[in-house]
There are 2 protein chains.
Amino acid sequence: MTARILVVDDLPVNVKLLEAKLLVEYYEVVTASNGPEALRAVREHNPDIVLLDVMMPGMDGYQVCEAIKGDPDTAHIPVVMVTALDEVSDRVRGLEAGADDFLTKPLNDIALFARIRSLVRLKRASDEWRAREATAVELGVSSSMCPVVDEKAPGSVLLIGDGMADRESVGKTLADQGHSVTVVETGEEALEQASADDFDLVLLSDGESSGDALRFCSQLRSQPEWRTKPILLALAGSDTERLAKALELGINDYLVRPIEHDELIARSWTQIRRKRYEDRLRDNFTYSVNAAVTDSLTGMYNRRYLESHFARVCDRLGAAGKPISVLVIDVDHFKLINDQFGHDTGDQVLQSIAKRVQNDVRGFDTAVRYGGEEFIVLLTDSSQDAALSAAERLRMQVSATPVPVSGPIDDIAVTVSIGVATAVAGQESLDELIQRGDRALYDAKNAGRNRVVAAAAAERDSGISSAAVGQN
Amino acid sequence: MTARILVVDDLPVNVKLLEAKLLVEYYEVVTASNGPEALRAVREHNPDIVLLDVMMPGMDGYQVCEAIKGDPDTAHIPVVMVTALDEVSDRVRGLEAGADDFLTKPLNDIALFARIRSLVRLKRASDEWRAREATAVELGVSSSMCPVVDEKAPGSVLLIGDGMADRESVGKTLADQGHSVTVVETGEEALEQASADDFDLVLLSDGESSGDALRFCSQLRSQPEWRTKPILLALAGSDTERLAKALELGINDYLVRPIEHDELIARSWTQIRRKRYEDRLRDNFTYSVNAAVTDSLTGMYNRRYLESHFARVCDRLGAAGKPISVLVIDVDHFKLINDQFGHDTGDQVLQSIAKRVQNDVRGFDTAVRYGGEEFIVLLTDSSQDAALSAAERLRMQVSATPVPVSGPIDDIAVTVSIGVATAVAGQESLDELIQRGDRALYDAKNAGRNRVVAAAAAERDSGISSAAVGQN
């Protein structure tokens, strides 16, 4: 996979050397020779990855990394620190500045390219989602509906014990951070018993386990539910080829054995946070789909949902010749409530009626706000008699208890009128059914409101139009 | 990247050989020894790729491929035909059956793994979108709103002429298929002049061009707008390493020079169709986000949009101390229209009024359907006087021309009442502003309807509540 790479180093010879290596592999290369230049290049060229020298005069690599990761517009760009330093404390400092990885000078080509490929692949997967989040935010969908991600909330770690001699102290270190840790003995056990939904991170060790840890990683990655779950692999530092293979198989990050606990803490937090961020990007889709079929005032489904749902219900019931009914429910004198008490109070009335309607329908029926003060309930496999009783029960329920509203106002007595229409599923369109229900509703209104009227059957439409049932 | 691979061959020794090769590279392997078994395995194991022998007793590879590609649930799984046949006619037959590629026995490892990696990577990118489409379809968002993809609509091809000696006959073959073909001389020209939006496919040739075709592919792939655009590369058949590199860089498919025109036709159609399919998957997101902020009856923005939009407008105008106004517009006696002519006619009236409101607002103002028969227009940087004239103009516009409706009914005379409220941006919440507008609307209704009333300023709320302006 190709990528645009920003190389930052204060020594021109280092820049040239790295640039040449990358160009041979067809990467696009942008260069910078100090911190401020690097930050400008990040903004201007939007690289896929930054290879960042640590020791530079003026602004050092840690500071550059912090600046990149501290800016919401650039925080997603992976930063690899290229350093002659090889102390744990240096690595931990880099991780805390937000670095995604370290490469030690002189650079080993296999390690370099394996790491670039892996980070670019992970970035590409979320690039598309991030681009779409921008659209959603622009239209006010995502910001208003997605839960806020708590960056500091601890996560849940699945620890594969096999081959990890220091599993107890590793587990304790993670638990001390607040993470919940579940230990299973082997990869097979993990696949059989663990549910991907329960975990934010998988931690395992390679090279000293009874099975092949890379085989297990491959198995995880070929199952959709585990595909995007972060994997952190501990392995022997000397085996660059094996690390390259593990990265190619899709592990997210690694630790060199013996595991340094400060590094374990930093890397596991990085992975857990990234997972949360990416989950949220993906969830935007679900949120916006849900928002598209939901009425924002009452939280009920809307007309759009009813239309597609009706088609599915008819497909299912039509073959069996089962009946289907709609209740067309309208709040009586709603305009007066709005005029007298204002829209806020009107909205509260609608919310309250919506709740009563929803509580009243069976789980397999569907209640929607159809518009204004009109609700529709779709009753599946329901004869006209059954639908009439349901409507009558609902009508009584609403009129029995006045609606409490905020402010210095008494509870408001509200009634509804309901038109009921029934058909054999599949023999009438939703529009036709609702039109008949509407006419029945109109008769209910004319007959004095707070009542239920059944529509005449579709065939007898020219005859008597409807028959009053409930009355009050 | 790991993957689950289904190997289909009637000779056990071939299956074993291929399985062993794949296992060493940590792929998961499933096997089948004939056509019906293969189709069962596809359904049961949901592989990421199928390596399919062509010549099998009973159901042959072409038939198996057709069955996989003919089933909407499995059509997205890449199929590579593994064959001893090497005639163009065999390849074309396979492509027409829906095959994604061919590998010739005996298998060359570099070609095998390069092709697997490339196909799996392309599949992964759309896997996530496909999973989400299922959610959208379930809720009725995607089926009801996305345009239908026309599988047979020709596409638009960008042909890079440099290094393609037979460019004229290639262009003619594509044009004969109905595709529109744009020829540019070099990759640089393409990057400078062509806009990614205009093309469904990029076709270029490697090895005889003045520049490096792979470098150009890499440049295309590192630009977001070209990233998912299909690239079809013609290259010398002998250079497996070069092909592997091209696949690694992200080309989608290739042709061996000299270009066989039947194969060109088949492969270009495959790429154009796949692009359309993937565009649609991605568009689902945009559609559902749009649907979430749109009123389905009128196509106007809805209350959800107004809320987020208001916050952004206030951020922008508030700093400069600029005024902001809302018009709260309500259709007079709408209930009577609904009762007298039915909901259908009522809906037509709302749609017509919505159109008049939308046509009347300036490009940077925002009109939404707020609920029922109420519309709200947000006027940015607009004083109360300006807002009153806008409201008065709209009121006159509506009352001047009766609304035409379908059926044997005369055009319906409709009027609106409008309440206008103005504030300095950022000093009042949307709710407060609308509440003041609502009270003015209430006064307009009480004063006889078909008129505009300005709300008193927020500070003087306890005094005179509003002042009539327009009247009729």
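The values are calculated or read from the model by the stated rules, or taken from the named source; none is laboratory data. As the structure is a computational prediction, the values presented were derived from the model and not from experiment. Counting neighbours? That spans all protein chains shown, and the Cβs are built from the backbone with ideal geometry, glycine included. In case anyone asks, the SASA skips ligands and DNA or RNA and just uses the protein heavy atoms, side chains included. Shrake-Rupley method; radii C 1.70, N 1.55, O 1.52, S 1.80 Å.
A few comments on the model shown:
- Breaking point among (1) within 13 Å of chain B (Cβ to nearest Cβ); (2) open to solvent by less than 30 Å² (accessible area, probe 1.4 Å), for A:Arg267: (1)
- Hits in the range B:65-98 - residues which are outside any loop (DSSP other than H, G, I, E, B), touching a helix residue (DSSP H, G or I) at 6+ places or on another chain (Cβ under 7 Å), modelled with pLDDT under 95 and more than 22 Å from B:Phe113 (Cα to Cα): B:Val88, B:Val92, B:Arg93, B:Glu96
- Residues located in the range A:188-210, provided they are outside any helix (DSSP H, G or I) and surrounded by fewer than 14 Cβ atoms within 10 Å (Cβ to Cβ): A:Ser195, A:Ser210
- Qualifying positions in the range A:150-172 - closer than 19 Å to A:Leu235 by Cβ and either open to solvent by less than 20 Å² (accessible area, probe 1.4 Å) or not assigned by TED's automatic domain parsing to the domain that holds A:Gly211 (or both): A:Val157, A:Leu158, A:Leu159, A:Ile160, A:Gly161, A:Gly163, A:Met164, A:Val170, A:Gly171
- Taking the range B:298-326 as the range and being open to solvent by less than 30 Å² (accessible area, probe 1.4 Å), away from chain A (no Cβ under 14 Å) and closer than 13 Å to B:Leu433 by Cα as the test, the residues that pass are B:Ile324, B:Ser325.
- Selection from the range B:211-225 of residues that are more than 9 Å from chain A (Cβ to nearest Cβ) and either in contact with a His (Cβ under 6 Å, 6 or more places away or on another chain) or in a loop (DSSP other than H, G, I, E, B) (or both): B:Gly211
- Residue in the range A:238-245 that is open to solvent by less than 10 Å² (accessible area, probe 1.4 Å), in the same structural domain as A:Leu214 (by TED's automatic domain parsing) and assigned to a helix (DSSP H, G or I) present: no
- In the range B:430-445, the residues that are open to solvent by 50 Å² or more (accessible area, probe 1.4 Å) and either under 13 Å from B:Val377 (Cα atoms) or in contact with a helix residue (DSSP H, G or I) (Cβ under 9 Å, 6 or more places away or on another chain) (or both): B:Asp431, B:Glu432, B:Gln435, B:Tyr442
- Test: residue in the range A:165-174 that is part of a loop (DSSP other than H, G, I, E, B), under 30 Å from B:Leu306 (Cα atoms), in contact (Cβ under 8 Å) with a residue 40 or more places away in the chain and not basic (Lys, Arg): no
- Residue in the range A:17-42 that is most open to solvent (accessible area, probe 1.4 Å), counting only those that are small (Gly, Ala, Ser) and part of a helix (DSSP H, G or I): A:Ala20
- Condition broken by B:Thr228, with the remaining ones in (1) at the interface with chain A (Cβ under 9 Å from one of its Cβ atoms); (2) assigned to a helix (DSSP H, G or I); (3) in contact (Cβ under 8 Å) with a residue 24 or more places away in the chain; (4) open to solvent by 10 Å² or more (accessible area, probe 1.4 Å) satisfied: (2)
- Test for B:Thr182: is it open to solvent by 20 Å² or more (accessible area, probe 1.4 Å) and either assigned to a helix (DSSP H, G or I) or of a type in the set (A, V, I, L, M) (or both): no
- Exclusive hit being within 13 Å of chain A (Cβ to nearest Cβ), under 24 Å from B:Arg91 (Cβ atoms) and either in contact with a Ser or Thr (Cβ under 7 Å, 6 or more places away or on another chain) or at pLDDT 90 or above (or both), set B:Ala244, B:Ala234: B:Ala244
- When the residues of the range B:45-64 are filtered to those that are closer than 16 Å to B:Val7 by Cβ and either among the small types (Gly, Ala, Ser) or not in a loop (DSSP other than H, G, I, E, B) (or both), the one that is farthest from the chain's Cα centre (by Cα) is B:Asp53.
- Residues of the range B:327-370 classified as among the hydrophobic types (A, V, I, L, M, F, W, C), open to solvent by 10 Å² or more (accessible area, probe 1.4 Å) and more than 21 Å from B:Ser383 (Cβ to Cβ), total: 4
- The range B:278-289 - residue that is touching a residue at least 40 places away in the same chain (Cβ under 8 Å) and facing chain A (nearest Cβ under 7 Å) and, of those, surrounded by the fewest Cβ atoms within 10 Å (Cβ to Cβ): B:Phe285
- Verdict on A:Met55 being touching a Gly at 6+ places or on another chain (Cβ under 9 Å), open to solvent by 60 Å² or more (accessible area, probe 1.4 Å) and among the hydrophobic types (A, V, I, L, M, F, W, C): yes
- Test: A:Val256 is under 20 Å from the mean Cα position of the chain (by Cα) and without any contact (Cβ under 8 Å) to a residue 24 or more places away in the chain: no
- Of the numbered criteria (1) within 30 Å of B:Ser126 (Cα to Cα); (2) surrounded by fewer than 18 Cβ atoms within 10 Å (Cβ to Cβ); (3) among the polar types (S, T, N, Q), the one A:Ser118 fails is (2).
- Leading residue by the ranking (surrounded by the fewest Cβ atoms within 10 Å (Cβ to Cβ)) among those in the range A:371-412 that are more than 23 Å from A:Thr294 (Cβ to Cβ) and acidic (Asp, Glu): A:Asp410
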